[in-house]
1. Just flag the chymotrypsin sites (Phe, Trp or Tyr not before Pro) in the stretch 142-207 sitting in loop per DSSP whose Cβ has no more than 16 other Cβ atoms within 10 Å.
2. Go through 76/356; 56/298; 183/279 and tell me which ones have a Cα-Cα distance over 18 Å in this structure.
3. Is the shape of the stretch 141-207 rounded, prolate or oblate, going by the alpha carbon gyration tensor and its root eigenvalues a ≥ b ≥ c, with a/c under 1.5 for rounded and a/b larger than b/c for prolate?
4. Just the number, please: carbon plus sulfur as a percent of the accessible area of the chain, 1.4 Å probe, no ligands or DNA/RNA counted.
5. For the stretch 295-362, just say rounded, prolate or oblate: build the C-alpha gyration tensor, square-root its eigenvalues into a ≥ b ≥ c, call rounded for a/c under 1.5, and beyond that prolate if a/b exceeds b/c, oblate if not.
6. Treating only the Cβ atoms of Lys and Arg (+1) and Asp and Glu (-1) as charged, compute the dipole magnitude of the chain about its Cα centre; round to the nearest 20 debye.
7. Just going by the charge dipole of the stretch 285-362, with Lys and Arg at +1 and Asp and Glu at -1 on Cβ, which of 289, 326, 310 is farthest out on the positive end?
8. Translational diffusion coefficient, Stokes-Einstein: compute it for the stretch 14-140 using the Kirkwood radius over C-alpha pairs as Rh, at 37 °C and 0.692 mPa s, and state it as an integer in µm² s⁻¹.
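The values are calculated or read from the model by the stated rules, or taken from the named source; none is laboratory data. All values reported here derive from a predicted model rather than from experimental measurement. Here the Cβ positions follow ideal geometry from the backbone for every residue, glycine too, while neighbour counts run over all protein chains shown. Remember, those area values only see protein heavy atoms, side chains included, never the ligands or the DNA or RNA. Shrake-Rupley method; radii C 1.70, N 1.55, O 1.52, S 1.80 Å.
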Amino acid sequence: MKVSGLQVFWMIAVMDLGMTLLMTMTAALQGAKQDAWIAMIAAGLVALLIALISTKLALLYPDQTLVEFSQTIMGKWIGKVIVIVYTVQWYTIIPIVLRQFTDLIESLLLQDTPRLPIMIIMIALTVYVTYSGGIEGIARCSEFLGPLIILMVLVVLGGNLNNIQIKNVLPIYADSGMAGIMKGSLGPASYLGHAVEFVMLTPFLTNPRKASKYAVWGVIVPSLFVVLSMVMVILTVGPNVAMKAWYPFFEMTKEISLGFVENLDALAVVIWISSVFIKLSIYMFVTSYGTAQLLKVKNWRNLIWFIAPITLAFAFMPRNVTEATNHYLLNYWVPVVLPVNMIGLPLLLLLIGKRKKAAEKS
């Protein structure tokens, strides 16, 4: 299995863009109001920092995954503890993303359809691409879907140019202040920070050093689109209406009216489904491969048949969309994963790993 730098770019970009557009805008608007676009800029900068730390860390041992080099750097037992911390992240994010996907599809398109068939279809697609193609198959899907997603986002943004009301973005900074902006940036930053998964992919890259640059751009490009999308949501829908909506980007698509072209809701749904599919597939691969390395299982693909039913079972645990989204985001993803898994541990491993490398050379 080998992946090119361009494919790494599309994997990270697709995983980041759709999920951030649909799932984090409300939290950003509630925290920063009409300054939520500034919060998105701050989130992008945090995500860029995460990408830089993660790529530099991965390049210390480009032939090893996180599971391996964490033990190389920190020793067998401490290294395994670090891997377990990441394993918790991997095993919890898959069912939560699956449930978020199901709730959105159920509420917007298939109100009378039971959850189970929707979940089974998505998890079956995820299992198929992961089992049959591995990370290479997922990369090819990302390379195909990525440009289409970018095009659809541009269509939504361009279609709303005639609905802009400049007054919606005013006054700037006066109502929220730095505290509100930083609060609004945390959710989007945690969703844009998935470049941290680069630390599990370097052994599969044709040119790890070159691919690291693509990984960084895989954060920059979706961050720019998220900022532009937030500006357009505020200018067209308005901050007061948008912050009360579950999916402000989806609400913006309803405002499109260009003669016979109206209500391009389907574009937002396609963007969402594509992003969820790639994100679930990447995490399915990372979880299966990482678990196999941790438990020393020879065939990592066999673990997919263990992880898939666990994912389905845990996806039913949240009682409603609030628990599946807000509770997980506010109680675990933002306060734990963002500072610890995305920034703290990679930075710690990078600093100690560099010292160890320097000591080996001297």
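1. Qualifying residues, ordered by number: 173.
2. In this structure, 56/298; 183/279 exceed 18 Å between Cα atoms.
3. oblate
4. C and S fraction of accessible area: 67 percent.
5. It is oblate, given that a/c is not under 1.5 and a/b is not larger than b/c.
6. Using only the charged Cβ atoms, the result is roughly 1420 debye.
7. After comparing all options, I get 289.
8. Here the translational diffusion coefficient equals 183 µm²/s.
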